[in-house]
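A.B. asks: A single structure is presented below for examination.
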Amino acid sequence: MNWYCIHTKPQREAQVAAYCATTLGLETYFPRLRQHRTIRRVRRLVTSPLFPRYLFCRLDLGTDYRSVRFAPEALDLVHLGAKPAPVPESLIDELRGWAGAGQEIIQVPAQLQAGDQVEITSGPMRGLSAVILRAQNERDRVALLLSALQDGVQVTISRAHLHAVLQRG
(Lines give C-alpha, C1' and ligand atoms only; values in the text may rest on other atoms or scores of the structure.)
Protein backbone atom coordinates (compact mmCIF):
# COMPACT_ATOMS: atom_id res chain seq x y z
CA MET A 1 0.00 0.00 0.00
CA ASN A 2 1.29 3.43 -0.97
CA TRP A 3 0.33 6.97 -0.10
CA TYR A 4 -1.62 8.92 -2.72
CA CYS A 5 -2.88 12.49 -2.88
CA ILE A 6 -6.65 13.00 -3.16
CA HIS A 7 -8.00 16.13 -4.88
CA THR A 8 -11.25 17.28 -3.24
CA LYS A 9 -13.96 19.82 -3.81
CA PRO A 10 -13.26 23.23 -2.20
CA GLN A 11 -13.29 23.14 1.63
CA ARG A 12 -14.24 19.45 1.74
CA GLU A 13 -10.89 17.97 2.77
CA ALA A 14 -12.03 17.05 6.28
CA GLN A 15 -15.18 15.30 5.03
CA VAL A 16 -13.22 13.22 2.51
CA ALA A 17 -10.62 12.34 5.18
CA ALA A 18 -13.36 11.28 7.60
CA TYR A 19 -15.13 9.20 4.93
CA CYS A 20 -11.93 7.42 3.89
CA ALA A 21 -10.97 6.72 7.51
CA THR A 22 -14.32 5.67 8.95
CA THR A 23 -16.25 4.21 6.04
CA LEU A 24 -13.41 2.75 3.97
CA GLY A 25 -11.04 2.00 6.88
CA LEU A 26 -8.05 3.65 5.19
CA GLU A 27 -5.24 5.60 6.81
CA THR A 28 -5.44 9.31 5.97
CA TYR A 29 -3.25 12.31 6.66
CA PHE A 30 -4.77 15.78 6.41
CA PRO A 31 -2.11 18.31 7.46
CA ARG A 32 -3.33 21.70 8.60
CA LEU A 33 -1.55 24.97 9.26
CA ARG A 34 -2.22 27.12 12.33
CA GLN A 35 -1.22 30.73 11.95
CA HIS A 36 -2.19 34.23 12.99
CA ARG A 37 -4.27 36.14 10.46
CA THR A 38 -5.95 39.50 10.52
CA ILE A 39 -9.67 39.10 9.84
CA ARG A 40 -11.79 42.27 9.89
CA ARG A 41 -8.99 44.13 11.68
CA VAL A 42 -8.83 41.51 14.44
CA ARG A 43 -5.77 39.27 14.79
CA ARG A 44 -6.92 35.66 15.18
CA LEU A 45 -5.36 32.23 15.32
CA VAL A 46 -6.74 30.35 12.29
CA THR A 47 -6.33 26.69 11.31
CA SER A 48 -6.57 25.98 7.58
CA PRO A 49 -5.47 23.15 5.27
CA LEU A 50 -1.74 23.12 4.53
CA PHE A 51 -2.59 22.13 0.94
CA PRO A 52 -6.08 23.47 0.17
CA ARG A 53 -8.23 20.88 -1.67
CA TYR A 54 -5.71 18.04 -1.10
CA LEU A 55 -5.13 15.33 1.49
CA PHE A 56 -3.16 12.09 1.65
CA CYS A 57 -4.48 8.55 1.87
CA ARG A 58 -2.68 5.20 2.09
CA LEU A 59 -4.42 2.72 -0.19
CA ASP A 60 -4.02 -0.25 -2.50
CA LEU A 61 -4.85 0.87 -6.03
CA GLY A 62 -6.11 -2.58 -7.00
CA THR A 63 -8.78 -2.77 -4.30
CA ASP A 64 -9.43 0.76 -3.05
CA TYR A 65 -9.04 3.07 -6.07
CA ARG A 66 -12.70 3.12 -7.13
CA SER A 67 -13.94 3.54 -3.55
CA VAL A 68 -11.71 6.56 -3.01
CA ARG A 69 -12.20 7.98 -6.50
CA PHE A 70 -15.98 8.00 -6.10
CA ALA A 71 -16.08 9.04 -2.43
CA PRO A 72 -18.46 11.91 -1.70
CA GLU A 73 -16.77 15.30 -2.20
CA ALA A 74 -13.63 13.74 -3.78
CA LEU A 75 -12.73 14.66 -7.34
CA ASP A 76 -9.94 12.17 -8.10
CA LEU A 77 -6.46 11.06 -7.13
CA VAL A 78 -3.62 13.25 -8.39
CA HIS A 79 -2.28 11.70 -11.60
CA LEU A 80 1.01 12.02 -13.43
CA GLY A 81 0.11 10.95 -16.92
CA ALA A 82 -2.34 8.05 -16.97
CA LYS A 83 -1.55 6.66 -13.49
CA PRO A 84 -2.15 8.02 -9.99
CA ALA A 85 1.09 9.42 -8.57
CA PRO A 86 2.33 7.72 -5.40
CA VAL A 87 3.49 10.09 -2.68
CA PRO A 88 6.89 9.23 -1.17
CA GLU A 89 6.67 7.98 2.42
CA SER A 90 9.48 10.43 3.24
CA LEU A 91 7.23 13.40 2.36
CA ILE A 92 4.52 12.20 4.75
CA ASP A 93 7.14 11.56 7.47
CA GLU A 94 8.59 15.04 7.00
CA LEU A 95 5.16 16.68 7.22
CA ARG A 96 4.40 14.68 10.37
CA GLY A 97 7.77 15.72 11.79
CA TRP A 98 6.90 19.38 11.30
CA ALA A 99 3.55 18.91 13.02
CA GLY A 100 4.93 17.03 15.99
CA ALA A 101 4.12 13.64 17.45
CA GLY A 102 0.57 12.47 16.83
CA GLN A 103 -0.68 15.77 15.39
CA GLU A 104 -1.78 16.99 12.00
CA ILE A 105 -1.49 20.70 12.80
CA ILE A 106 1.68 22.57 11.87
CA GLN A 107 2.34 25.71 13.90
CA VAL A 108 3.80 28.79 12.26
CA PRO A 109 5.94 30.49 14.91
CA ALA A 110 6.08 33.93 13.33
CA GLN A 111 4.91 35.52 10.12
CA LEU A 112 7.86 35.88 7.79
CA GLN A 113 7.74 38.43 5.01
CA ALA A 114 9.75 39.10 1.87
CA GLY A 115 13.08 40.66 2.76
CA ASP A 116 13.39 39.08 6.23
CA GLN A 117 16.81 37.62 7.00
CA VAL A 118 16.66 34.13 8.48
CA GLU A 119 18.99 31.39 9.57
CA ILE A 120 18.19 27.75 8.84
CA THR A 121 18.21 25.96 12.20
CA SER A 122 17.86 22.30 11.19
CA GLY A 123 18.08 19.92 8.28
CA PRO A 124 20.87 19.51 5.73
CA MET A 125 21.22 23.28 5.21
CA ARG A 126 21.51 24.04 8.94
CA GLY A 127 23.59 27.12 9.70
CA LEU A 128 23.08 28.85 6.36
CA SER A 129 21.67 32.36 6.22
CA ALA A 130 19.02 33.36 3.72
CA VAL A 131 16.66 36.14 2.75
CA ILE A 132 12.96 35.42 2.24
CA LEU A 133 12.25 36.23 -1.41
CA ARG A 134 8.49 35.96 -1.21
CA ALA A 135 5.93 35.00 1.37
CA GLN A 136 4.10 31.79 0.57
CA ASN A 137 0.35 31.71 0.29
CA GLU A 138 -2.08 28.82 -0.13
CA ARG A 139 -1.63 28.67 -3.90
CA ASP A 140 2.17 28.47 -3.51
CA ARG A 141 1.83 25.57 -1.04
CA VAL A 142 -0.26 23.62 -3.54
CA ALA A 143 2.29 24.33 -6.28
CA LEU A 144 5.03 23.03 -3.99
CA LEU A 145 3.02 19.88 -3.24
CA LEU A 146 2.51 19.17 -6.94
CA SER A 147 6.17 19.92 -7.62
CA ALA A 148 7.20 17.43 -4.93
CA LEU A 149 4.98 14.77 -6.48
CA GLN A 150 6.68 15.32 -9.84
CA ASP A 151 10.18 15.12 -8.32
CA GLY A 152 10.75 18.74 -9.28
CA VAL A 153 13.81 20.73 -8.29
CA GLN A 154 12.03 23.28 -6.13
CA VAL A 155 13.06 23.25 -2.50
CA THR A 156 11.05 24.63 0.37
CA ILE A 157 12.01 24.86 4.00
CA SER A 158 9.46 24.77 6.79
CA ARG A 159 9.13 28.00 8.68
CA ALA A 160 9.64 25.91 11.81
CA HIS A 161 13.24 25.35 10.66
CA LEU A 162 13.94 29.06 10.28
CA HIS A 163 14.96 31.64 12.83
CA ALA A 164 14.58 35.36 12.09
CA VAL A 165 17.94 37.10 12.33
CA LEU A 166 16.73 40.70 12.18
CA GLN A 167 13.34 41.78 13.46
CA ARG A 168 11.31 44.24 11.40
CA GLY A 169 11.07 47.68 12.93
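A.B. asks: Calculate the dipole size of the range 44-104 relative to its Cα centre from +1 charges on Lys and Arg beta carbons and -1 charges on Asp and Glu beta carbons; express the result in debye to the nearest 20.
C.D. replies: It comes to approximately 200 debye.
A.B. asks: Projected onto the charge dipole of the range 1-108 (+1 at Lys/Arg Cβ, -1 at Asp/Glu Cβ, origin at the Cα centre), which of A14, Y4, L95 gives the Cα projection farthest towards the positive end?
C.D. replies: A14
A.B. asks: Let me ask something else about it. List the chymotrypsin sites (Phe, Trp or Tyr not before Pro) in the range 1-72 that DSSP assigns to loop (not H, G, I, E or B) and whose Cβ has at most 13 other Cβ atoms within 10 Å. Which are they?
C.D. replies: Sites meeting the loop and neighbour criteria: F70.
A.B. asks: Let me cross-check R96: its accessible surface, 1.4 Å probe, with only protein heavy atoms counted, in Å² to the nearest 10?
C.D. replies: Estimated to the nearest 10 Å², R96 gives 70 Å².
The values are calculated or read from the model by the stated rules, or taken from the named source; none is laboratory data. Just so it is clear, the model here is predicted, and its values are computed rather than measured. Here Cβ is always computed from backbone atoms with ideal geometry, including for glycine, and neighbour counts include all displayed protein chains. These area figures cover heavy atoms from the full protein model, side chains too; ligands, DNA and RNA do not enter into them. Shrake-Rupley method; radii C 1.70, N 1.55, O 1.52, S 1.80 Å.
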